[in-house]
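Here is the structure we will look at.
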Amino acid sequence: MSDLIQLGAVNERPKAPRGEDLQLKFSEKAIAQLDALKAHYPEEKACILPGLWIAQREYGGTLTAEAIAEVAHRLHRSYAEVEGVATFYSMYNTAHAVGAHMIEVCTCLSCHVCGAYRVADYLKEKLGVGFGETTPDGLFTLHEVECLNACDRAPLLQVGDQYYGPVGPAEIDALLEKLRTSPPTVTQLADEIVKVHLKAEEPR
């Protein structure tokens, strides 16, 4: 019998922690926010998306197996169900640990024509990392992304909830210097999204 051929990447997702090993890390603020959201939905399953944003903030910007398990525990869902949601959306950081600041380079048509890959190459040289990698100091993660819907500002970068463009070497140098002394934009973004969810559920 011939050997099986592996198609695509091997699934390297970590296994769920056992129930007795689960250590809950949500702060009192996080628990209160999740409880407030649960009160506005007919079932807890509807809170998986905002719950994952809370977890991404609470766990430092990355949805580890423990983070996903905590959301599953607090919403009384299975680990598999919550992990399936988390890994479906690219906005959640599940593939690897990310740095304090995620620099996303748009390489779709308009940005590509305007020099997105020159921008990407410059960032790779400055940071010493490739796409999907994080600098050794844990400050920056570099990602390639699809259209950011701001073609008039090509070539374009996104960091947290901010767009920067058009950018060249001078703008990139200034941005990196600014980010080196800024609070982590990865967790800031998650916190802002949680606030939007909470505001959307306020009675009108």
In contact (Cβ under 8 Å) with a residue 60 or more places away in the chain, more than 22 Å from LEU176 (Cα to Cα) and not aromatic (Phe, Trp, Tyr) - does that describe any residue in the range 59-77? no
Can LEU123 be described as out of contact with any Pro (no Cβ under 7 Å at 6 or more places or on another chain), surrounded by fewer than 19 Cβ atoms within 10 Å (Cβ to Cβ) and among the hydrophobic types (A, V, I, L, M, F, W, C)? no
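Could you tell me whether any residue of the range 18-28 is assigned to a loop (DSSP other than H, G, I, E, B), touching a Ser or Thr at 6+ places or on another chain (Cβ under 9 Å), modelled with pLDDT of 60 or more and charged (D, E, K, R)?
No, because not a single residue in the range 18-28 is assigned to a loop (DSSP other than H, G, I, E, B), touching a Ser or Thr at 6+ places or on another chain (Cβ under 9 Å), modelled with pLDDT of 60 or more and charged (D, E, K, R).
Taking the options GLY132, GLY128, GLY138, name whichever one is on the phi > 0 side of the Ramachandran plot and either among the β-branched types (Val, Ile, Thr) or in contact with a strand residue (DSSP E or B) (Cβ under 9 Å, 6 or more places away or on another chain) (or both).
GLY132
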Looking at the range 100-196, what strands (runs of 3 or more DSSP E) fall wholly within it and have at least 3 residues that are touching a residue at least 24 places away in the same chain (Cβ under 8 Å)? 101-106, 140-145, 157-159
If you check SER78 against the conditions, is it surrounded by fewer than 17 Cβ atoms within 10 Å (Cβ to Cβ) and out of contact with any helix residue (DSSP H, G or I) (no Cβ under 9 Å at 6 or more places or on another chain)? no
Right, LEU52: buried (at least 17 other Cβ atoms within 10 Å of the Cβ) and over 28 Å from GLY138 (Cα atoms) or not? no
Before we move on, is ASP152 among the charged types (D, E, K, R) and closer than 22 Å to CYS108 by Cβ? yes
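Conditions tested, residue by residue: (1) surrounded by 16 or more Cβ atoms within 10 Å (Cβ to Cβ); (2) not hydroxyl-bearing (Ser, Thr, Tyr).
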position: VAL98; (1), (2): yes, yes
position: GLY132; (1), (2): no, yes
position: VAL159; (1), (2): yes, yes
position: TYR164; (1), (2): yes, no
position: ASP173; (1), (2): no, yes
position: SER182; (1), (2): no, no
position: ALA190; (1), (2): yes, yes
Would you be able to tell me the number of residues in the range 31-44 that are surrounded by 15 or more Cβ atoms within 10 Å (Cβ to Cβ) and within 15 Å of ALA72 (Cβ to Cβ)? 3
Given the options TYR117, TYR89, name the one that is surrounded by fewer than 15 Cβ atoms within 10 Å (Cβ to Cβ) and modelled with pLDDT under 95. TYR89
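The values are calculated or read from the model by the stated rules, or taken from the named source; none is laboratory data. If you're wondering where the values come from, they're calculated on a predicted model, not measured in any experiment. A quick note on method: Cβ atoms are made from the backbone with ideal geometry, for glycine too, and the neighbour counts reach across all protein chains shown.
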